[in-house]
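The values are calculated or read from the model by the stated rules, or taken from the named source; none is laboratory data. Every value quoted in this text rests on a predicted model; they were computed, and no experiment measured them. Virtual Cβ from ideal backbone geometry, glycine too; neighbours counted across all protein chains shown. Heavy atoms of the whole protein, side chains included, go into the accessibility calculation; ligands, DNA and RNA do not. Shrake-Rupley method; radii C 1.70, N 1.55, O 1.52, S 1.80 Å.
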Amino acid sequence: MPNTYKSIKDPGRNNRMGGLQQRVFLAVFSEFQTLQKPAAGTYKITEAHVFAAGKGFIELYVTKDTGSLKFTPLGGPDRKSFLAEGEFLHPGESDDIEKFANESKNDRFILLAPLPGSTELYQIGNEEFQVEIDSEYDTGKNSGDGRGSLFRFRCFCANKIKYTAATIPMATDA
Amino acid sequence: MKANETSVLPAKESAALPVASYKVVGLDPGVHEVYVPLISKSVVVADITPALFELLHRLGWPHVEKS
């Protein structure tokens, strides 16, 4: 069945600040009890994901002006999809962030990326493909911005999906 | 009334304003803490204060209901 398209007129003067908010949310793929999906014909998840008691998303602090997300096209004619790639910097080398950097590199995640000036988030990862995370630690130089870990994430996505549920379930002690 | 005597009005019961009470609805019972995009903040469900309930209700968070 062919797609139907409709007119998309001037979207108005909404906030379109670039980058991500000063946080991202991550949950280990294997800990989801119910990974919600968009309703048929839509590209938004409107119901909160479900986890076992105590499990859920964690929040990672992101240094201002370092969080970004980009979708680029993948594939050829008649078989296109997206590659989602992004990065964010977390300052310093606390025990918690070192533990995260060491353990996350071999795990698979669902990531929620909050947009500034909006209650909407992009969800990266689903039941088909999950997010991989790499980290790069750099002391920098005395005159630079300071020490920290730059995390990079990537995932194949058949479509771009937003998460617009009213809540994000958080892990206990997240 | 004699000098140095003060009159005391009969005690009046203070008319307390009705305080709205709220409850959380529609969350999975196992959920202890949620991030609420409307306020860009994580909240522990059991610790939501009356002021925060009021704010969440005013903003239209669907998981708060006046009881």
Query raised in the report: Quick one: A:A53 ticks every box in (1) surrounded by 14 or more Cβ atoms within 10 Å (Cβ to Cβ); (2) within 13 Å of another protein chain (Cβ to nearest Cβ); (3) not β-branched (V, I, T) bar one, so which box is it?
Result: (1)
Query raised in the report: Name the residues in the range A:1-33 that are open to solvent by 50 Å² or more (accessible area, probe 1.4 Å) and β-branched (V, I, T), would you?
Result: A:T4, A:I8
Query raised in the report: So is A:Y61 within 14 Å of another protein chain (Cβ to nearest Cβ), out of contact with any Leu (no Cβ under 8 Å at 6 or more places or on another chain) and closer than 15 Å to A:F25 by Cβ or not?
Result: yes
**Report entry** Test: A:S149 is polar (S, T, N, Q), farther than 26 Å from A:L35 by Cβ and away from every other protein chain (no Cβ under 14 Å)
**Finding:** yes
Requested in this report: Look at A:E98 and say whether it is open to solvent by 40 Å² or more (accessible area, probe 1.4 Å) and within 24 Å of A:I45 (Cα to Cα).
Outcome: no
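Is it the case that A:Q36 is open to solvent by less than 60 Å² (accessible area, probe 1.4 Å), farther than 28 Å from A:A101 by Cβ and among the polar types (S, T, N, Q)? Reasoning before the result, please.
On the way: open to solvent by less than 60 Å² (accessible area, probe 1.4 Å): yes; farther than 28 Å from A:A101 by Cβ: yes; among the polar types (S, T, N, Q): yes.
Yes.
A quick yes/no check of all residues on (1) under 19 Å from the mean Cα position of the chain (by Cα); (2) over 21 Å from A:F129 (Cβ atoms):
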site	(1), (2)
A:D10	no, yes
A:F29	yes, no
A:F32	yes, no
A:V62	yes, yes
A:T66	yes, yes
A:L69	yes, no
Query - Selected residue [within 14 Å of chain B (Cβ to nearest Cβ), open to solvent by 30 Å² or more (accessible area, probe 1.4 Å) and acidic (D, E)] from A:E127, A:E120 - result: A:E120
Query raised in the report: Looking at (1) among the acidic types (D, E); (2) assigned to a loop (DSSP other than H, G, I, E, B); (3) touching a residue at least 40 places away in the same chain (Cβ under 8 Å), can you tell me which one A:E87 breaks?
Result: (2)
Query raised in the report: Which one of the conditions (1) over 16 Å from the mean Cα position of the chain (by Cα); (2) modelled with pLDDT of 95 or more; (3) not aromatic (F, W, Y) does A:D145 fail to meet, given that it meets all the rest?
Result: (2)
Query raised in the report: Taking the stated definitions as given, is A:A39 touching a strand residue (DSSP E or B) at 6+ places or on another chain (Cβ under 7 Å) and either outside any loop (DSSP other than H, G, I, E, B) or free of Cβ contacts under 8 Å to residues at least 40 places away in the same chain (or both)?
Result: no
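Mind telling me which of the residues A:T119, A:T167 ends up being touching a His at 6+ places or on another chain (Cβ under 8 Å) and under 30 Å from A:G41 (Cα atoms)?
A:T167
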Report summary line: Among the residues of the range B:23-49, the number that are of a type in the set (A, V, I, L, M) and open to solvent by 80 Å² or more (accessible area, probe 1.4 Å) is 1
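Looking at the range A:72-79, is at least one residue outside any loop (DSSP other than H, G, I, E, B) and within 14 Å of chain B (Cβ to nearest Cβ)?
Scanning the range A:72-79, I find no residue that is outside any loop (DSSP other than H, G, I, E, B) and within 14 Å of chain B (Cβ to nearest Cβ), so the answer is no.
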Query raised in the report: Which members of the range A:130-174 meet the condition of being outside any strand (DSSP E or B), closer than 30 Å to A:D78 by Cβ and open to solvent by less than 30 Å² (accessible area, probe 1.4 Å)?
Result: A:Q130
Query raised in the report: Counting just the residues of the range B:50-65 that are open to solvent by 70 Å² or more (accessible area, probe 1.4 Å) and out of contact with any Lys or Arg (no Cβ under 8 Å at 6 or more places or on another chain), which one comes out nearest to the other protein chains (Cβ to nearest Cβ)?
Result: B:P62
